[in-house]
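Read the structure below first, then the notes.
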Amino acid sequence: MATEAEDAAHAAAGHGAEAVGMPQLDFSTFPNQIFWLAVSLVLIYLILTRIALPRISGVLAERAGSITNDLLAAEELKQKAKEAEAAYERALAEARAEAQRIVGETRAEMARDLAAATARAEAEIAARAAESERRIAAIRASAMESVAEVARDTALALVEALGGRAEEAAVHAAVEARLRE
Amino acid sequence: MDQFIVKPLFGGDAIHWYTPTNVTLWMALTVAAVALMFVAGTRGRAIVPSRSQSVAELAYGFVHKMVEDVAGKDALRYFPHIFTLFLFIVFANFLGLVPMSFTTTSHIAVTALLALAVFLSVTILGFVRHGVQFLELFWVKAAPLPIRPILAVIEVISYFARPISHSIRLAGNMMAGHAVIKVFAGFAALAAISPFSVLAVTAMYGLEVLVSFIQAYVFTILTCVYLKDALHPHH
């Protein structure tokens, strides 16, 4: 087990018979690596400066420009919306004032009409009350008259029924006196 | 270590500087991948981008912002060069993760050339832009006068250590990750520990995906930092 593990570690570390030391320190490969690195860097540099960077910075500038434009447009629209709102508010306030005025006028007119109608009704009521009172007084007077007549007739009849001799004038006077009490 | 050996593509043993090797093949694939994404992918030039176009735009924006943030606005003149570096490294790293592939960025020759190119161009740029004043980079004005010479020595050493760390970081990371995967894969032949081995290979692969991007990012951002020193050497 121990030797097996050792072998595995050995194989893993790659210390084969043919490789001596680190490949990184094999100076014979340096010119090759340096040459191809230089080629790669020059190619990447050319790709970037000729194509990629102008393109990307162009796109970014364009995007920044259109965002700025959009923001300006949005600002303008916001201003317009504010103005429209102010106009609406003004119109609303005017309409409200107008409505208030109309309501006031109508109320005053109605109050006037009402007062006139009330006055008329009161006058009529007063007239009718006076008429009624007059009629009640008449009815009361006629009723009193009837009472006196009935009392007279009844008194005469009673005196005659009791066998007396009724003297009409005396009975009348007595009834009158009684009624006045 | 078989996976790192440079072999001629069409037989033969001799490797001359012009011989088409597996290095050539995988670098050509790297160039092809860049072309596919940045030429074919952006073909539409759409205001509302397609998927490939938006990935290309994302990469563009990512590196553009990095250059601008780290090295300053005047460094944007060198954005195409830095973007070339970034794309080469990122695509080479990811193509190296394809099983049976050859990882060009795991070779010190490749990363050393990249790092030396950055080092030399940045140093020359510094002297061209600022002349002798570029040496003020090593003269730390913020420090008290007596310790400035000592700091200058340290700064010079660290300046010349830059290309070494810059190149070895990338090659070392790529090589180590691939070698570790290979070792775990070798253990998979043993029945007793093969489940663990397969799990480890999977985990390492995930880690390597991260490392591939992060190392390309680190290489690029360090390039930006060095470029910043060349453009603005005054501390």
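Odds and ends about this structure:
- Within segment B:45-67, considering residues that are more than 9 Å from chain A (Cβ to nearest Cβ), open to solvent by 60 Å² or more (accessible area, probe 1.4 Å) and not aromatic (F, W, Y), the one farthest from B:T223 (Cα to Cα): B:R51
- Of the listed requirements (1) in a helix (DSSP H, G or I); (2) at pLDDT below 90, B:I154 misses just one: (2).
- Lone qualifier among B:A112, B:A185 - being in a helix (DSSP H, G or I) and within 20 Å of B:A28 (Cα to Cα): B:A112
- Considering each residue of segment B:162-171 in turn, at least one proves to be under 27 Å from A:Q33 (Cβ atoms), polar (S, T, N, Q) and in a helix (DSSP H, G or I).
- Qualifying residue in segment A:134-142 (condition: open to solvent by less than 90 Å² (accessible area, probe 1.4 Å) and of a type in the set (D, E, K, R)): no
- Matching entry among B:F184, B:F196 (being within 14 Å of chain A (Cβ to nearest Cβ) and open to solvent by 90 Å² or more (accessible area, probe 1.4 Å)): B:F196
- Qualifying residue in segment B:1-10 (condition: open to solvent by less than 20 Å² (accessible area, probe 1.4 Å), assigned to a helix (DSSP H, G or I) and among the aliphatic types (A, V, I, L, M)): no
- Residue in segment A:63-80 that is among the acidic types (D, E), farther than 30 Å from B:A33 by Cβ and within 11 Å of another protein chain (Cβ to nearest Cβ) present: yes
- Criterion applied to A:S66, A:S40, A:S28 was being closer than 30 Å to B:I168 by Cβ, more than 33 Å from the chain's Cα centre (by Cα), of a type in the set (S, T, N, Q) and modelled with pLDDT under 95, and the one residue passing it is A:S28.
- Pairs are defined by a Cβ separation below 7 Å, a sequence spacing of at least 6 or placement on different chains, a first member in segment B:16-36 that is under 19 Å from B:A56 (Cα atoms) and facing another protein chain (nearest Cβ under 7 Å), and a second member that is open to solvent by 50 Å² or more (accessible area, probe 1.4 Å) and outside any loop (DSSP other than H, G, I, E, B); the pairs so defined are B:V31/A:L43.
- From B:V110, B:V132, B:V122, residue being β-branched (V, I, T) and within 14 Å of chain A (Cβ to nearest Cβ): B:V110
- Of all the listed residues (B:S194, B:S158, B:S167), the sole one being among the polar types (S, T, N, Q) and in contact with a Leu (Cβ under 9 Å, 6 or more places away or on another chain) is B:S167.
- Between A:A161, A:A91, the distinction of being among the aliphatic types (A, V, I, L, M) and open to solvent by less than 60 Å² (accessible area, probe 1.4 Å) belongs to A:A91 only.
- Residue in segment B:43-56 that is under 20 Å from the mean Cα position of the chain (by Cα) and assigned to a helix (DSSP H, G or I) present: yes
The values are calculated or read from the model by the stated rules, or taken from the named source; none is laboratory data. Small disclaimer: the values here were computed from a predicted structure and weren't measured. Positions of Cβ are generated from backbone atoms using ideal geometry, with glycine treated the same way; all protein chains shown enter the neighbour counts. These accessible areas exclude ligands, DNA and RNA; they are computed on the full protein's heavy atoms, side chains included. Shrake-Rupley method; radii C 1.70, N 1.55, O 1.52, S 1.80 Å.
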